[in-house]
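Coordinate-derived values only; no laboratory data. No experiment lies behind these values; they were computed from the predicted model shown. For neighbour counting, all protein chains shown are included, and Cβ atoms are generated from backbone atoms with ideal geometry for every residue, glycine included.
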Amino acid sequence: MSTFSLQVPCEFDRHYSVVIKDDGRVAYAYLYEGEDVIGDVWLYNQQQAPATSFWRTEDMPFLNPTEYLAKDATIKPIADESDIRCEWTESKDDGLIEVGIYIRDKFIAAVASGSKPGWSVLVAKDGPLAYVY
């Protein structure tokens, strides 16, 4: 199973960045403000999704269980930096930073400051790792 890691700085405020990590089991996006993680979202499982959500600390980062996944939740793992595109936005009202994450030009997830978790098009119901987008 392939692994991948990439840090993408915010194009209009370098104090923010998103780190996309695939450890060969599961992939997540982490939104950073400086050195602090201020949001996260599950992107996809590489390993088979567990049937139940039994969380053990030693299993972190967690695979998203089947009960939360959409029927078409299977996605080919990120292989190269060119597979990723991030679209950054900032709310004029409250300064909230949000990033949309695209894999091979398909919108997959969004994460904003304070969103733990963020939102994904690959989940069918809200769960602890991602909310329905």
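Roughly how big is the chain's charge dipole about its Cα centre, with Cβ charges of +1 (Lys, Arg) and -1 (Asp, Glu), in debye to the nearest 20?
520
Full extension of the chain between Ser82 and Lys116 yields a length gain of 9.6 nm, computed as 0.36 nm times the residue separation minus the alpha carbon distance. Between the alpha-carbon centres of the stretch 49-79 and the stretch 86-123 there is a gap of 20 Å. Remark on Tyr44: its backbone amide H falls under 5 Å from those of Ala27, a criterion applied only to residues 5 or more positions apart or on other chains, H modelled at 1.01 Å from N. Which longest uninterrupted range of the chain lacks any GluC sites (Glu not before Pro) assigned by DSSP to a loop state (not H, G, I, E or B) and surrounded by at most 15 other Cβ atoms within 10 Å? Segment 36-133 is the longest.
Among Asp72, Asp59, Asp94, which one shows the biggest mean-square fluctuation in a GNM of the chain, springs joining Cα atoms closer than 10 Å? Highest fluctuation of the listed residues: Asp94. 3J(HN,Hα) along the stretch 37-44, derived from phi through the Karplus expression 6.51 cos²θ - 1.76 cosθ + 1.60 where θ = phi - 60°, amounts to 6, 10, x, 8, 7, 6, 9, 6 Hz, with x in place of Gly and Pro.
For the stretch 30-133, what proportion of DSSP beta bridges, expressed in % and rounded to the nearest 5, is antiparallel?
Values: 20 of 22 bridges.
If I count the DSSP bridges inside the stretch 30-133, around 90 percent turn out antiparallel.
Annotation: amide H-H contacts under 5 Å for Ile38 (H modelled 1.01 Å from N, sequence separation of 5 or more, or interchain): Leu31, Tyr32, Glu33.
In order along the stretch 11-18, the Karplus-derived 3J(HN,Hα) couplings, from 6.51 cos²θ - 1.76 cosθ + 1.60 at θ = phi - 60°, round to 6, 10, 8, 5, 6, 10, 7, 10 Hz, and Gly and Pro are given as x. Each Cα pair under 8 Å and six or more residues apart adds its separation to the average, and for the stretch 1-116 the resulting relative contact order is 21 percent. Which option, (1) 41, 29, 28; (2) 48, 44, 29; (3) 54, 25, 24, is the value of Cα extents along the principal axes in Å that was calculated from these coordinates? Working out Cα extents along the principal axes in Å from the coordinates points to (1). With a threshold of 20 Å on the Cα-Cα distance, the over-threshold entries among Lys92/Lys116; Lys21/Lys116; Lys21/Lys92; Lys21/Lys106; Lys71/Lys106; Lys21/Lys71 are Lys92/Lys116; Lys21/Lys92; Lys21/Lys71. Relative to the current alpha-carbon distance between Lys106 and Thr57, full extension at 0.36 nm per residue lengthens the span by 14.5 nm. Close amide-amide hydrogen proximity is noted between Ala124 and Leu69, Ala70, each under 5 Å apart and 5 or more residues distant or on a separate chain (H modeled in the peptide plane; Pro and chain starts excluded). Length gained on full extension, Thr3 to Asp36: 9.6 nm, using 0.36 nm per residue less the C-alpha separation.
In order along the stretch 67-79, the phi-based Karplus estimate (6.51 cos²θ - 1.76 cosθ + 1.60, θ = phi - 60°) of 3J(HN,Hα) comes to 4, 9, 7, 6, 4, 9, 6, 6, 9, 5, x, 5, 10 Hz; Gly and Pro are listed as x. Treating r as the C-beta distance of Asp94 and Asp13 and R0 as 25 Å, the FRET efficiency rounds to 0.95.
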